[in-house]
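The values are calculated or read from the model by the stated rules, or taken from the named source; none is laboratory data. Treat the numbers as computed from the prediction; the structure is a model and nothing was measured. Cβ: placed from backbone, ideal geometry, glycine included. Neighbour counts: every protein chain shown. These accessible areas exclude ligands, DNA and RNA; they are computed on the full protein's heavy atoms, side chains included. Shrake-Rupley method; radii C 1.70, N 1.55, O 1.52, S 1.80 Å.
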Amino acid sequence: MTKFQEKAQILDRQELAAGIYRLTLHAPLVAGGAHPGQFVMVRTDDSYDPLLRRPFSIHQVSAGGDLQLLFKVVGQGTGCLARLGPGSRVDLLGPLGRGFRLQREDPVCLVGGGMGIAPLYFLGKRLLQHARLPEFDPVLLGAASQQELALLADDFFGLGYDVRTATDDGSLGHHGFVTDLLDQVLPRVSRVYVCGPYPMMRIAAAKCLAAGVECEVSLETHMACGLGACLGCTVQAPDGYAHVCVQGPVFEAGEVAWQ
Amino acid sequence: MTGQYDDIDLRVRIGPLRLRNPVLTASGTFGYGREFADLVNLHRLGGVVTKGISLAPRPGNPPPRIVETACGMLNAIGLENVGVEEFIRRKMVFLRTAGTRVIVNILGDSVDDYARLAERLTGVEGIDALEVNISCPNVRKGGVAFGTVPEMAAAVTGAVRAATDLPLIVKLSPNVTDIGRMAAVVEEAGADAVSLINTLIGMAIDCRTRRPRLANVIGGLSGPAIKPVALRMVWQVARTVSIPVIGIGGISRAEDALEFLIAGASAIQVGTANFYQPAAAEEIITGIAAFLHEQGEHSVRDIIGSLQVEAG
């Protein structure tokens, strides 16, 4: 898969909820080759502070070469990105890493927590290219509150998926963990795709393993390059270490030594 | 190869090693070259210095291994690498077709390790030089870094010199009292050139958890934050030794590279900048040529060591 470096113009910035943004960029080279689950490394300017690019999973791409990022402001890098509006340019490297394996026929389940929902929308759209019946595919989405989750959940409803929600404060759907919703759907799906906070993915992975269902998780770590050179984005694997940027970010749940 | 600056001569010599321009990529920041092949015209580079290679593969340190700091980053990768046999069998296949000089960085736990590595790599097609990382701990001497004790640095250099006829560059640690003396002893022991600086040892703490941000507790600081220290050391060493000096440390743009050349470096290495700007090395090559053109200079060699210091 060819990687590109591209100056991408910001076309639109949408604030979905307090501190949560969806940016639309025109990046035809990166978007053209992107596969669900892959990521981009973003640099907002030539400043030395912050110095490093930040990784973002690809939220969706359009046929016209647009690409969306979904993120929450959590620190310096996301803060810089959130301040940029339409007309600004950012420097992208991508598409990077190994994405999700597309299941063509049998029912699948998507499980997203918080900003981990970002890559699942791209996956949800791409899965539909293979004549499937999305009403038989459960999409389980969790977030802190209704404000954070409602618009994202609507996107999956719009694709026709069987969407179920959970919130920490009970303001939308199940009051509790999104992984609580997994038990009732596991018996009728053949593969589960998970992206979210580490403890959520660990629980989902354990439940899938116990049920004998294939499970893929998308991991997040700090990384300096995204290209396999810095060797900084290490996670524990059963037989040693794995590097999230090239061996992931999507792993089979069994490829991760869960802590 | 520099487009509108074709009249500018960028060639330099590092002892017996001839480079088409003075811009190399630093060990540990450019993988084995292939990682950047989609993004960088490797044949434009003066050369690539590989990830440090040991006799046996090394898994590296537990995570977290990196943390960003103000204008820099700390790393404690733990010298993860594929080992010399895998390097020769797989990584060299690509590197020897990359159209650039290949300098293999080597590291070991003992003087004998370094000698065996040098012997094994000598004669392998496509390897143009060795760079010896002496910042590693000497496990036979209580884990003290070779590069911090002049006698140990000299012993490693001498052993590698005896084991190979490849051009030999010794990469110096800045974590010493007198960098000039370290350079002088490795020159005496047979080095063809010195490269400096390796990372400065540093640390970062998460005050909320009261834990170090690196699993290894301490790590190597790199990036623009260290450039002034590196420049000072390069200037000191260039005045002390007669072998060529390769400048490393926070070089991100052409002006940085030019400062090192003016301070006395015959070539430079781009390190951490490769992570956030893969095109950095190429941009620096073009930028050096543009600067020389603008200054009415024809050869990069005319500015090496051209620092003007007021007398008195």
Notebook entry, point to check: Is there any pair with a first residue in the range B:60-86 that is at the interface with another protein chain (Cβ under 7 Å from one of its Cβ atoms) and a second that is in a helix (DSSP H, G or I) whose Cβ atoms are under 7 Å apart and which are 6 or more apart or on different chains, and what are they?
Noted result: B:Ala70/B:Ala225; B:Cys71/B:Pro224; B:Cys71/B:Ala225; B:Gly72/B:Pro224; B:Gly72/B:Ala225; B:Gly72/B:Ile226
Next item on the list: Take the range B:265-289 and flag every residue that is more than 11 Å from chain A (Cβ to nearest Cβ), open to solvent by 10 Å² or more (accessible area, probe 1.4 Å) and within 19 Å of B:Glu131 (Cβ to Cβ).
Entry: B:Ser266
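For the range A:39-77, which residues satisfy the criterion of being assigned to a strand (DSSP E or B) and either open to solvent by 30 Å² or more (accessible area, probe 1.4 Å) or of a type outside the set (A, V, I, L, M) (or both)? Even if it seems obvious, please write down each step before you answer.
First, pick out the residues of the range A:39-77 that are assigned to a strand (DSSP E or B): A:39-43, A:54-57, A:60-61, A:66-72.
Scanning the range A:39-77 gives A:Phe39, A:Arg43, A:Arg54, A:Pro55, A:Phe56, A:Ser57, A:Gln60, A:Asp66, A:Gln68, A:Phe71, A:Lys72.
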Checklist line | B:Gly123 being assigned to a loop (DSSP other than H, G, I, E, B), among the small types (Gly, Ala, Ser) and surrounded by fewer than 22 Cβ atoms within 10 Å (Cβ to Cβ) | finding: yes
Notebook entry, point to check: Which residues, counting only those in the range B:148-170, are touching a helix residue (DSSP H, G or I) at 6+ places or on another chain (Cβ under 8 Å) and within 23 Å of B:Val102 (Cα to Cα)?
Noted result: B:Val156, B:Thr157, B:Ala159, B:Val160, B:Ala162, B:Ala163, B:Thr164, B:Leu166, B:Leu168, B:Val170
Next item on the list: Could you pull out the residue among A:Leu219, A:Leu186 that is open to solvent by 10 Å² or more (accessible area, probe 1.4 Å) and within 15 Å of the chain's Cα centre (by Cα)?
Entry: A:Leu219
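Residue by residue, here is whether (1) among the hydrophobic types (A, V, I, L, M, F, W, C); (2) within 14 Å of chain B (Cβ to nearest Cβ); (3) assigned to a strand (DSSP E or B) holds:
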| residue | (1), (2), (3) |
| --- | --- |
| A:Thr2 | no, yes, no |
| A:Leu16 | yes, no, yes |
| A:Arg22 | no, no, yes |
| A:Gly79 | no, yes, no |
| A:Gln103 | no, no, no |
Note to self: Out of A:Phe122, A:Phe136, I need the residue that is of a type in the set (Phe, Trp, Tyr) and crowded, with 19+ Cβ neighbours inside 10 Å. Which one?
What the structure shows: A:Phe122
Notebook entry, point to check: Among the strands (runs of 3 or more DSSP E) confined wholly to the range A:200-245, which include 3 or more residues that are closer than 15 Å to B:Asn61 by Cβ and at the interface with another protein chain (Cβ under 10 Å from one of its Cβ atoms)?
Noted result: A:234-237, A:240-243
Notebook entry, point to check: (1) buried (at least 23 other Cβ atoms within 10 Å of the Cβ); (2) within 17 Å of the chain's Cα centre (by Cα): which one isn't true of A:Ala27, the others all being true?
Noted result: (2)
Check: So is B:Phe36 open to solvent by less than 10 Å² (accessible area, probe 1.4 Å), over 30 Å from B:Ile243 (Cα atoms), within 14 Å of chain A (Cβ to nearest Cβ) and touching a residue at least 60 places away in the same chain (Cβ under 8 Å) or not?
Finding: yes
Next item on the list: Only residues that are touching a Leu at 6+ places or on another chain (Cβ under 9 Å), in a loop (DSSP other than H, G, I, E, B) and not hydrophobic (A, V, I, L, M, F, W, C): list them for the range B:39-62, please.
Entry: B:Gly46, B:Thr50, B:Lys51, B:Gly52, B:Ser54, B:Gly60, B:Asn61
Margin query: Need the failing condition index for A:Gly33 against (1) surrounded by fewer than 19 Cβ atoms within 10 Å (Cβ to Cβ); (2) touching a Pro at 6+ places or on another chain (Cβ under 9 Å); (3) closer than 22 Å to A:Asp155 by Cα; (4) not β-branched (Val, Ile, Thr), just the number.
Written below: (3)
